[in-house]
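**Q** Structure incoming, see below.
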Amino acid sequence: MIAIYCRISKDRKKQISIDAQTKKGIEYANSIGKEYKIYTDKGFSGTTSNRPSLIQLLKDIESKIITDVWIYDQSRLERSIEVKLFLFTKFKKFNISVHIFNTLLDVDVQTEGLMNILSIVNGMFVDLTKEKIVNAIQINAENGKVHALPPYGYNKDVNNKFQINTEEAEIIKEIFSLSLSGKGTNSIAEILTNRGVLTAYNKLNGTLTTTNRNNVLKQLKTINKKEIRWSGTTVLHIIKNPIYKGIRVFQGIDYKVPEIVSADYWQLVNDNLVRNRNNSGKKVTHNYKLKGFLTCSKCGRNYYGRTRVNKRDNAYICSSKRYKHLNCNNRGINIPFLESLTDYFINEKQYQYIIDNASYLIKETDNDVLEINTLKDKLIELENKRSNLLDFIADGIISKNDAKIKLQSINLLEEEIQSKIKFILNSENKTTYKNIISNIRIEFNYTYNVYCISYITSFNDKVLFTYVFDKMYKFIESYVSNNELIEYGSVNLNIIDVPNEYLINNRYFYKK
Ligand SMILES: [Zn+2]
C-alpha cells in the first residue's frame, strides 16, 4: 500500500492546500495501480512531535502495512537534516519506495547525500553507527527518555525516563537561590567545592578527554572524572539550562520533563544573571594580543591576561591560579615584556633564522613539498564538497539557508588553506601572530630562577625556539630544538645555539 503524506508547508511560497496535495497523490496512486492510505498533518510546525500522522506513518511502515510513500515535494517531509536522515534511514531499512510528485526517488542516493551533508556539518565521517545513534536519540527524545548521561539533578528510571534525583535537585535549587542573591558563578562553584559536594562526573569512573578550545593548538586534555571540580562554567550552564524548568530541548524540539524549579523562578534567576554581569564592573581595557597562544608548560592550561590598576603588574598568568586547589604555581609573565618580545620575534624575522638553522632537524624542503601537497589535496576535497552541496540545493535536499552556512564554512576553510600555501611558497604576505606563532609556552624554572619562553612556529610544530631570561627579564640564552622532551632544568639541551647578537642588542630584552 502507498502512503500519501500531506502537510501544509511553513514556506508561504510553497503552500499548496491539503486537498490539492491529496488529489495529486490519489491520481499518482491510481496511475501506478496501488491501494493508498492518506496521512495528513495540518500543523504548521516542522517538529515531529506536532506531526501525529508522520509518527503514525512510521508505525505503519514498521508494521509493514506500507510499502511506498508519496509526497508532493521534499519540503513536505522535514527541514532538519538530522530528522530527514532519520526518516530516510527508516525508509531504507524497510525497503520503502519514495515517490515525489511524479518521480521515484533513489533512497540510497538520498541517504548517502544526507550523510555527506551531515559529515560536512559535523566534520566527521558518518558511518552506520551514526545512523543508529541518530535513530536512537530521536526515538528516545520523543519518548522523553534519557540518552547517555542525564543532566545533574536527574536520574534515569527503569524505562530510561527522566526522574528527579532529590539530593541533586536540592543543589540545583541552592545554585539558583545563591545566584539570585547576587553570588557570581565562580563563587557558587567554590562554595560547592569547599563543602565537598560531588559533581556529576565525580560519581562516575574513568577519564574524560576534552579539547582546549580557547587555545590555538586545540590540544586534548585528559582528566580523571573523580577530580573534576565545580566550575563557574558548569554553574552557569546549569542556571541557563531550561531543563530545570521542565523543558528539554533536543534538536530544536521541546520535550517535557519533571521540573526542579518553576518556570517563573527560572526566568527571574536568569534575568538577574544578566543584571549581575552588567554590574560586575569589569571592563576590558587591554587588548590581549597573545590570548589563545599561551600554554602553561607546567600544567598545560591556558595563560590569560590580567590587568591591574598599576600597569606594571599587568601579567599573563596561568588560568589554574583562579582556583586555589588547582594552582600549578607557574609564574605569571609581564605583559609589555612578553608582547614586545613577540613583536621582536616577528618584526625581525627571527622565525626565518630558526627555520634556516633547524633545517637538519626538520628537513624543511621535504616537509614543505609534502605539506603543500597535503594542502592541495584538501582544496580538492573542499571543491568536491562544494559541488555536492550545490547539487543538494538544486535537488531541494537542503534549504538555501542551511546551505549558506555550510558554504561559508567551506569558503573559510579554503581561505585558510590558500593562505597557508601562500605562506609556504614565500609569497608576499603580511606576518601576523597567527601565521608565525602557533603557541608560546611559558615556564618559570625554580632551580635556575629563570623564565623559559618557547615559541612553536606554525611552519613546523616540531621546532621550538626557546629564550631564557632571568627574573628581571634579562636575556640569557636562546635555543632551537625539536619540540620533544626539553629539560629546561638541566640546560643541557641537544640544540643549535642561536647567536646572541640577534637578541642581545635589542632594548626589548632588558628591563630596568
Ligand atoms: Zn599552569
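The values are calculated or read from the model by the stated rules, or taken from the named source; none is laboratory data. All values derive from a computational prediction rather than experimental measurement. Here Cβ is always computed from backbone atoms with ideal geometry, including for glycine, and neighbour counts include all displayed protein chains.
**Q** Can you pull out the residues in segment 208-250 that are part of a loop (DSSP other than H, G, I, E, B), out of contact with any helix residue (DSSP H, G or I) (no Cβ under 6 Å at 6 or more places or on another chain) and modelled with pLDDT of 80 or more?
**A** Those that are part of a loop (DSSP other than H, G, I, E, B), out of contact with any helix residue (DSSP H, G or I) (no Cβ under 6 Å at 6 or more places or on another chain) and modelled with pLDDT of 80 or more: Asn241, Gly246.
**Q** When the residues of segment 321-343 are filtered to those that are assigned to a helix (DSSP H, G or I), farther than 17 Å from Thr466 by Cα and not charged (D, E, K, R), which remaining residue is farthest from the ligand (Cβ to nearest atom)?
**A** Selected residue: Pro336.
**Q** Still on this structure, please answer the following. Of the residues that sit in segment 251-263 and are part of a strand (DSSP E or B) and surrounded by 15 or more Cβ atoms within 10 Å (Cβ to Cβ), which one is farthest from the chain's Cα centre (by Cα)?
**A** The extreme case among them is Tyr255.
**Q** Return yes or no: is Tyr488 modelled with pLDDT of 70 or more and not in a strand (DSSP E or B)?
**A** no
**Q** Residue under question is Ile55, and the condition is that it be closer than 30 Å to Tyr255 by Cβ, assigned by TED's automatic domain parsing to the domain that holds Lys93 and modelled with pLDDT of 75 or more; does it hold? Quick ask: steps written out before the conclusion?
**A** On the way: closer than 30 Å to Tyr255 by Cβ: yes; assigned by TED's automatic domain parsing to the domain that holds Lys93: yes; modelled with pLDDT of 75 or more: yes.
Yes.
**Q** Given the residues Leu389, Leu464, Leu425, Leu382, which is the only one that is at pLDDT 80 or above and either under 30 Å from Pro336 (Cβ atoms) or of a type outside the set (Gly, Ala, Ser) (or both)?
**A** Result: Leu382 is the single residue among Leu389, Leu464, Leu425, Leu382 that is at pLDDT 80 or above and either under 30 Å from Pro336 (Cβ atoms) or of a type outside the set (Gly, Ala, Ser) (or both).
**Q** Given the criteria in a strand (DSSP E or B), more than 9 Å from the ligand (Cβ to nearest atom) and either touching a residue at least 40 places away in the same chain (Cβ under 8 Å) or crowded, with 17+ Cβ neighbours inside 10 Å (or both), does Tyr304 qualify?
**A** Yes.
**Q** Of the residues Thr89, Thr111, Thr103, Thr22, which single one is closer than 26 Å to Asp402 by Cβ, among the hydroxyl-bearing types (Ser, Thr, Tyr), modelled with pLDDT of 75 or more and crowded, with 16+ Cβ neighbours inside 10 Å? Break it down stepwise before answering.
**A** On the way: Thr111 fails: modelled with pLDDT of 75 or more; Thr103 fails: crowded, with 16+ Cβ neighbours inside 10 Å; Thr22 fails: closer than 26 Å to Asp402 by Cβ.
Going through Thr89, Thr111, Thr103, Thr22 in turn, just one is closer than 26 Å to Asp402 by Cβ, among the hydroxyl-bearing types (Ser, Thr, Tyr), modelled with pLDDT of 75 or more and crowded, with 16+ Cβ neighbours inside 10 Å: Thr89.
**Q** All but one of (1) under 28 Å from the mean Cα position of the chain (by Cα); (2) over 18 Å from His237 (Cβ atoms) hold for Ile164; state the number of the condition that does not hold.
**A** Condition not satisfied by Ile164: (1).
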